[in-house]
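Structure record follows, encoded as structure tokens.
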Amino acid sequence: MSNYHHRITQNTLNLYHTKSSCLINGKNAQKFTDVHLPVMLKNIEDMLLPEQITPADINNSSKQLLMSVNNKTAKPSSDHHESDVHDNELRKLNETIQVVRKEKQIRHSIQSQESDIKGILTDFMKSVSEQILELKYELKEHVKKTSAQMEELKDITCGLKKTP
């Protein structure tokens, strides 16, 4: 059994979106760039792209992750393995991604319900419109029939006046 322990290193990754660049501070930054960063990016890509999560969703997920890291009170002790720290960070990222996925599912559900409501309202309005057209036609026919009856009554009335 080996007692070999990885040394924990801390790096700071500064992202400059306006310049599409980043700056890595800390000891052994090259290892972070060569080993950890590609793994992090691959994990993020594997989790987010198949779900069609938007850049806004990714930003919210990152923001929540960073806020949780900033708000934590317990710092990892120096005897933890670097892989344990990495696994813990991935677990937190996974939890945050799950929250974002749930939020996206809720938004999708709301949009679907809104679409269903719009469809129901459209069908209702179409039905009402068809009924109104039918009533207009029936009223027009009734007016024609009533007008014809009035003309007939007029003819009868005029005929009665002429026969003294």
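The values are calculated or read from the model by the stated rules, or taken from the named source; none is laboratory data. In this text, all values refer to a predicted model and were calculated from it rather than measured experimentally. Neighbour counts run over all protein chains shown; Cβ positions are idealised from the backbone, glycine included.
What the table shows:
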quantity	calculated
Which listed residue, of N43, N60, N11, is of a type in the set (S, T, N, Q), under 28 Å from Q105 (Cβ atoms) and at pLDDT 75 or above	N43
The stretch 27-56 - residue that is polar (S, T, N, Q) and assigned to a loop (DSSP other than H, G, I, E, B) and, of those, surrounded by the fewest Cβ atoms within 10 Å (Cβ to Cβ)	Q52
